[in-house]
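Rule-based calculations on the coordinates, nothing more; no lab input. All figures in this text were calculated on a predicted structure; none of them were measured in a lab. Every residue, glycine as well, gets a Cβ built from its backbone with ideal geometry; the counts of neighbours run over all protein chains shown.
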Amino acid sequence: MDLKMQGNVAVVTGGVQGIGREVANELAQAGVRLVLADINIAAGEEAAAELGKVTPTIFVQTDLAKPASVQEMVDKAVAQFGRIDYFVNSAAILDDKTFMESSAQDWTRMLEVCLMGPMHCLHSILPVMRAQKFGRIVCFSSDSARVGQARLSYYAAAKAGVTALIKSIAQEVGPDGITANIVSPGATNTPMRMKREAALREKMGEEKYQRRVRTVEKMYPLRRIGEPSDIAPLVAFLLSENAKWITGQVISVNGGFTML
């Protein structure tokens, strides 16, 4: 399928690892020029160098919790490429605590990155897209936000906020030729999840942990956890001209974990 994206420009937050990196790979293959925004300098420079072999790519160290840092990233993207056609927000953090184990400091950090982060980005990027009369936005939520999940309460709350945010913005910016959609993955083998799983394995012991793995997999009709490569093609499609009449939607990619 020709996605008709050649030469367009995408900003991908969290684009140096996990789902964000796989999205960047997918877009690079479609000829999209890339701006990778991440707080991790070493990983960002490495990713930009690798993707730069395929398509023009820059990395901008960005702290999504700081509006000035986000605006600087947007300014550099426009200075380098002259426009921003696509925005993909993949950056996130994850905790593994019950609500009563968590603190106000935990909640604030989560909301700053997972909810305020995309807010800051959109507040800076939307004027660029509106001036162009064109833009495509995909932000990540989570199925934990759709159905709830123990030990992920404030992560789920932040991601539910993203869903409400994008649905509302989609109504505001549609007349400007901008679409905005949400991709909601199930459990996916990203570095962030694998770090959490490693901590659980150490805490539980191997035998108990393997029982947990089998129990979790049985919750998925396709009997496996997702991979970033399962998610990226949908993101590319939603950014493409083939999805130009899709906006304000939440689409789960989850192996059947939820069917809403």
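Descriptive notes on the structure:
- FRET efficiency for the residue 75 to residue 40 pair, using the beta carbon distance and R₀ = 22 Å, is estimated at 0.60.
- Counting only Cα atoms, the size of region 1-79 along its three principal axes is 38, 22, 19 Å, in decreasing order.
- For residue 184, the residues whose modelled amide H falls within less than 5 Å of its own, excluding neighbours fewer than 5 places apart on the same chain, are 141, 251, 252, 253.
- Tilt relative to the chain, helix 67-81 - C-alpha long axis, 0 to 90 degrees, to 10: 50
- A Förster distance of 22 Å, applied to the separation of the beta-carbon atoms of residue 208 and residue 102, puts the FRET efficiency at 0.40.
- Taking the C-alpha atoms only, the angle from helix 18-29 to the longest principal axis of the chain is near 30 degrees.
- Relative to the longest principal axis of the Cα atoms of the chain, helix 153-173 runs at roughly 20 degrees.
- Subtracting the Cα-Cα distance of residue 171 and residue 49 from 0.36 nm times their residue separation leaves 40.2 nm of extension gain.
- Stretchable slack from residue 131 to residue 200, in nm (0.36 nm times residue separation minus alpha-carbon distance): 20.0 nm
- Among the lysines of the chain, pairs that are 8 or more positions apart or on different chains and have alpha carbons within less than 26 Å of each other number 29.
- Prolate/oblate/rounded call for region 142-260, Cα gyration tensor, a/c under 1.5 rounded: prolate
- The spread of Cα positions in the chain, taken along each principal axis and listed from longest to shortest, comes to 54, 40, 38 Å.
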